[in-house]
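As structure tokens, the structure follows; a few thoughts come after it.
Rule-based calculations on the coordinates, nothing more; no lab input. Please read these numbers as outputs of a predicted model, since none were measured by experiment. Here the Cβ is made from the backbone with ideal geometry for all residues, glycine too, and neighbour counts use every protein chain on show.
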Amino acid sequence: MKIYPAIDISEGACIRLTKGVFEDKSVYKFSPLEMAMEYKKEGFENIHIVDIDATLARGNNFELIKDIRKKIDINIQVAGGIRDTKTIKDKINYGFNQIVIGTLAVKKTDFINDLLDDEQSKISIALDLKDGFIASHGWKEKNIVSLSDITKIYNNKNIHSYFITDVSKDGMLSGLNFDIFNSVKKLTSKKITVGGGVKNMEDIIKANKKGYDGIVVGKAIYEHNIKLRDLSKYQTQC
């Protein structure tokens, strides 16, 4: 299982939201570049970067994220406000390894047809689940399209994976919702990365044992519920 320590960025700073609510955020003292360097130093092979401002149409932090890409040799999964194929192709050309697509993937599913097979292979479809619905537009809008309908479309494409988040758990440090993750797992043979609510190492171990391909860990690191060294050590075992 791949472990993706998270870096969420707003106005150039590392932040973490609670349930995706911008007004309920924590700001941390380390810069995004410093956090990425620390993850690399601790032996992580992957990181997950979210441009919160782009997600919420408040601007973007792309120059900073490009700087991280330029300076650190690590697999970068990037997300946040990526809502057209030009932006997808630009991020691929800048060397980002996986591009996480949420709103576009729900609202305009035929976007995937505008990408070549090797470009599709870098796409992770974000299924952000809120009150039983797929959420979009920074988790503010609920959509009536079903998980079954969405997965039927992308199961037939050359996508890298699905990225499943339980919005109600995100930033809560209350543990992963495996019931939601399993509901998606039954619908696809594609790789699945999970996130939202990781509390401690027990969640990481459970996700690995249940056969998920990746896990994103954010607030549990920043709030010291999980020590980076313990997480890195476990990464070498799974």
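Brief remarks follow.
- Cross-link check: pairs Lys29/Lys199; Lys71/Lys130; Lys71/Lys142 evaluated at a Cα-Cα cut-off of 31 Å; pairs beyond the cut-off: Lys71/Lys130; Lys71/Lys142.
- Compactness index (Cα Rg / 2.2 N^0.38 Å), the range 1-139: 1.02
- Reach of Lys107 by Cα under 17 Å, taken over aspartates and glutamates that are not fewer than 8 positions away in the same chain: Asp84, Asp128, Glu141, Asp149
- Rounded FRET efficiency, nearest 0.05, which uses the C-beta distance separating Asp73 from Thr236 and R0 of 30 Å: 0.95
- For the range 1-79, pairs of C-alpha atoms spaced more than 14 angstrom apart make up 59 percent of the total.
- Estimated from the Cβ-Cβ distance and a Förster radius of 22 angstrom, the FRET efficiency linking Ser189 and Leu116 is about 0.50.
- Close amide H contacts of Ile7 (hydrogens built in the peptide plane, cut-off under 5 Å, sequence separation of 5 or more or a different chain): His48, Ile49, Val50.
- Summing charges over all other residues whose Cβ lies under 13 Å from the Cβ of Gly80, with Lys and Arg as +1 and Asp and Glu as -1, gives -1.
- Only Lys, Arg (+1) and Asp, Glu (-1) charged, at Cβ; the range 2-235 dipole about Cα centre in debye: 420
- Centroid-to-centroid separation of the range 156-211 and the range 1-64 [C-alpha atoms, Å]: 19
- Put in order of Cβ neighbour count within 10 Å, fewest first, the listed residues Thr188, Thr18, Thr193, Thr165 become Thr18, Thr188, Thr165, Thr193.
- Aspartates and glutamates whose Cα lies under 18 Å from that of Lys40, excluding same-chain neighbours fewer than 8 positions away: Asp8, Asp67, Asp73, Asp230
- A full extension of the chain between Lys29 and Lys86 corresponds to an added length of 17.2 nm, given 0.36 nm per residue minus the alpha carbon distance.
- What the phi angles of the range 210-226 give under the Karplus curve with 6.51, -1.76 and 1.60, with θ = phi - 60°, is a coupling list of 7, x, 6, 8, x, 9, 9, 10, x, 4, 4, 6, 5, 8, 6, 6, 10 Hz, glycine and proline written as x.
- Cα-based shape type of the range 99-178, given that a ≥ b ≥ c are square roots of the gyration tensor eigenvalues and the cut on a/c is 1.5: prolate
- The chymotrypsin sites (Phe, Trp or Tyr not before Pro) of the range 28-111 meeting both criteria, a DSSP state outside H, G, I, E and B (loop) and at most 15 other C-beta atoms within 10 angstrom of the site's C-beta, are Phe30, Tyr94.
- Out of every Cα-Cα pair that the chain contains, those further apart than 22 angstrom amount to 48 percent.
- Counted by neighbouring Cβ atoms within 10 Å, the residues Ser174, Ser189, Ser124, Ser148 run from fewest to most as Ser189, Ser148, Ser174, Ser124.
- Within the range 1-76, the trypsin sites (Lys or Arg not before Pro) that combine a DSSP coil assignment with at most 12 other C-beta atoms in a 10 angstrom radius are Lys29.
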